[in-house]
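Structure, as structure tokens:
The values are calculated or read from the model by the stated rules, or taken from the named source; none is laboratory data. On a predicted model such as this, the values are computed, not experimentally measured, just so you know. Glycine gets a Cβ as well: all are built from the backbone with ideal geometry, and neighbour counts include every protein chain shown. Ligands, DNA and RNA are stripped out before the accessible areas are found, and what is left, the full protein with its side chains, is counted by its heavy atoms. Shrake-Rupley method; radii C 1.70, N 1.55, O 1.52, S 1.80 Å.
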Amino acid sequence: MIALLIANSLALASLLIMLSSGLALIYGLRDVINFGHGAIYMLGAYLGYTIATVGGFWLALLLVPIMLALLGIAFEYLALRPLQRRSHIEVALVTLGLGIIVGQIIIYLYGGEARSVDAPKILSGSVTILHLSYPVYRLFLIVMGLGSCALLALWLRATPSGLYVRAVSQDPSVARMMGINADRLSLLVTSLSTAFAGIAGVLAGPYLSVDPGMDVVMIVNCLIIVVIGGTGSIGGAIVAALLFGFVQVAGSVFLPNLAALVPYILLMVVLLIAPGGIGRGRVLS
Amino acid sequence: MSNGTMTDDLHAPVTTTLTGPLPRRSLAIVAGLIGLGAGAVVPTYLASDFVLRLGSEGLLLGLLALSVAFLMNQAGLVALGAASVYGGAGYLFAIGMSDWGLTPTAALGVAFLILLGYVAMLGALIVRTNPLAFMMLTLAAGEMISHAVLLEGLRDYTGGADGLVVRINGTVLGIDAIHFADPAKFWSLAWTVAVLVGLALWGVGRSRLGAVLRAIRENEERMRFSGFNTFLPRLTGYVLVNLVAAIAGFLHVLNAGFVSPESLGLSVSTNTLVAALIGGISGSLGPIFGGLLFSFAQDEFGARGLTQLLTGVAIVVFIVVFPQGVVGGLSGLSRRLGWRREGS
């Protein structure tokens, strides 16, 4: 029972980690919260649905991140850079508007009903571990989530570009004085963040459903996670995503009547205790 | 803004900025009053019921936009949860009458007090955070309320996805309930309320509270360092604008006679934001004008299902290209052409 609970919350947290660490990365570099992140995730899910019906799930998992990374590059050049001198609130509002536009175009093209994606054969069904039967797809999700977590930490900790990202998010002006090209980093980080959102969207297909409201649900969850984790802290976001996943899953098991409100209660409690969130702020300090 | 001028600004008595000779000033005031009075009456003779209904909806959206714009302009905080108070007001009013057996006026009062408590508590939690986190948290709080009304356990009270039909018997604050459903009378009422609220917020913006809020917006740390409490003014501002949103919500439910989960939806909040951005967030005229414009534009494009798409486009266009909105842009233009005194 406990093991199932933890496994389920890890599966949910995997998706949330991919999305909220992307949000935190952009925030670290640009001081901008991308309110359109939910819409990018939704775009990933619908593109994944289309590609999966034509060429299969694995092709979708390969192509969608590449397509969305290109979108991220466009987003960086067409929105973030021209608006660099504007206030962060204004840029955040622009991303909100762009998110609404993307979401509405998707609804216009695909219609209002929910779609479902089948997991590939190798990932369907369930396995028995320690006398517990568990769906393979969720194990795959956990592996993907924890794997991307590890890769992200490795990148930030062990590579020069990761070091630069940490430096810029700690102190942009000093980092710039040291000769770090923040624009080039931002290009990398933005495309990485949208690509991760794309992976999360494709992965969400067989796990959750692909429906028109998914962008709002996910962006609200991610915003809660980012606030709980301490805005801009990737480590905080990862811990908060795990906490969020656990609370959500445990809430739906133990408090089915109130499950929809449990994440908000968590948010309020955290805000009451630590208004700045649980992380130490900024990226991976 | 240097520290010296800022504190001077705070301690100086509020000076009137209409510095023209006295007869000209009183003439302007009289003309303004006549214009505002005429706005309440004249359209009811000229416009059809349909146009009046659209106009009234626009005024209510304008009231909401006024609340969002005030907080944006004075405190630099963007609230994405206007809908939760707007729709919540309607729900509480309906529940007060049907489930708690209150008279309409008492239900109105109780609903108002509950909302006051809710926004004060929520505000105390969220105005301490930075403006970006504030924006995220208002969005989250709004979603929380719209999930809450759909809870299975509250279905008997809220009617779930169907919403509630609100039957009002007798009088509300001395006004017979039937009058609220009459398009012409409701237009006059909504117009009067919008004008009064607009004037009140304009006055608050020029008061000490407004000056302190703007100074906190510019640099919160410096204000704290200078010995100002930065928490209470922002909380007061947050509660104030939400009371305006509550007034809009009450007017809406009195007029429409039903409440639905849609009135709590995110789209209401984003529509409000767009109305504020269209009109321009500085001043009271812009948001109300923006609300009216949005309402008529929605009638034009809504049938084709384009409203939400255009909402998104409008947010981007007005922030990137016309950050001052229509009214702000026009008044900037008139200033440049020399029609208005510099600094007025």
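Data for the structure
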{"item": "Within the accessible area of the protein assembly as shown (1.4 Å probe), percent carbon and sulfur", "result": "67"}
{"item": "Using alpha-carbon coordinates, inclination of helix B:49-70 to the longest axis of chain B, degrees", "result": "50"}
{"item": "Per-residue SASA entry for B:M121, accessible area with 1.4 Å probe, Å² rounded to 10", "result": "140"}
{"item": "Unit Cα scatterers, Debye sum, the range A:43-195: log10 I(q)/I(0) for q = 0.12 Å⁻¹", "result": "-0.73"}
{"item": "Amide proton proximity set for A:S126, modelled H, under 5 Å, gap of 5+", "result": "A:V136"}
{"item": "Per-residue HN-Hα couplings for the range A:148-162 [Karplus 6.51, -1.76, 1.60; θ = phi - 60°; Hz; x = Gly/Pro]", "result": "5, 4, 5, 4, 4, 5, 4, 4, 5, 8, 10, 10, x, 5, x"}
{"item": "Listed residues B:T103, B:T307 arranged by accessible area, highest first, probe 1.4 Å", "result": "B:T103, B:T307"}
{"item": "Threshold 10 Å², the range B:246-280 residues less accessible with all protein chains present than alone (1.4 Å probe)", "result": "B:L266, B:T270, B:L273"}
{"item": "Interface area, A with B, accessible, probe 1.4 Å, both sides summed, Å² nearest 100", "result": "3100"}
{"item": "Relative contact order, percent, chain A [alpha-carbon distance under 8 Å, six or more residues apart]", "result": "36"}
{"item": "GNM top mover of B:I29, B:I126, B:I278 - chain B, alpha-carbon springs below 10 Å", "result": "B:I29"}
{"item": "Accessible surface, per residue, of the range B:29-267 when the full set of protein chains is kept, probe 1.4 Å, Å²", "result": "41"}
{"item": "Principal axis dimensions, chain A - Cα atoms, whole angstrom, descending", "result": "58, 45, 35"}
{"item": "Centroid-to-centroid separation of the range A:166-194 and the range A:71-134 [C-alpha atoms, Å]", "result": "24"}
{"item": "For B:V172, distant residues with modelled amide H under 5 Å away", "result": "B:A177"}
{"item": "Delta accessible area of at least 20 Å² on complex formation, residues of the range A:210-259, 1.4 Å probe, chain isolated as reference", "result": "A:V216, A:V220, A:L223, A:V227, A:T231, A:N257"}
{"item": "Square roots of 5 times each gyration tensor eigenvalue, C-alpha, the protein assembly as shown, largest first, Å", "result": "43, 30, 23"}
{"item": "Accessible area (Å², 1.4 Å probe, nearest 10) - A:Y27", "result": "20"}
{"item": "Accessible area (Å², 1.4 Å probe, nearest 10) - B:L285", "result": "130"}
{"item": "Most mobile of B:R234, B:R224, B:R214 in a GNM of chain B (Cα contacts under 10 Å)", "result": "B:R224"}
{"item": "Using alpha-carbon coordinates, inclination of helix B:307-320 to the longest axis of chain B, degrees", "result": "10"}
{"item": "Amide H within-cut-off set for B:F258, under 5 Å, with H built and near neighbours excluded", "result": "B:V166"}
{"item": "Solvent-accessible area lost in complex, 40 Å² minimum, residues of the range A:94-140 relative to chain alone, 1.4 Å", "result": "A:V94, A:L96, A:I100, A:I101, A:Q104"}
{"item": "Per residue value of the accessible surface for the range A:110-253 (all protein chains in place, 1.4 Å probe), Å²", "result": "43"}
{"item": "Semi-axis lengths (Å, descending) of the ellipsoid that matches the C-alpha gyration tensor of the range B:29-267", "result": "30, 25, 14"}
{"item": "Options B:I34, B:S98, B:M136, ranked by Cα towards positive dipole end of the range B:29-267, top entry (Cβ charges)", "result": "B:I34"}
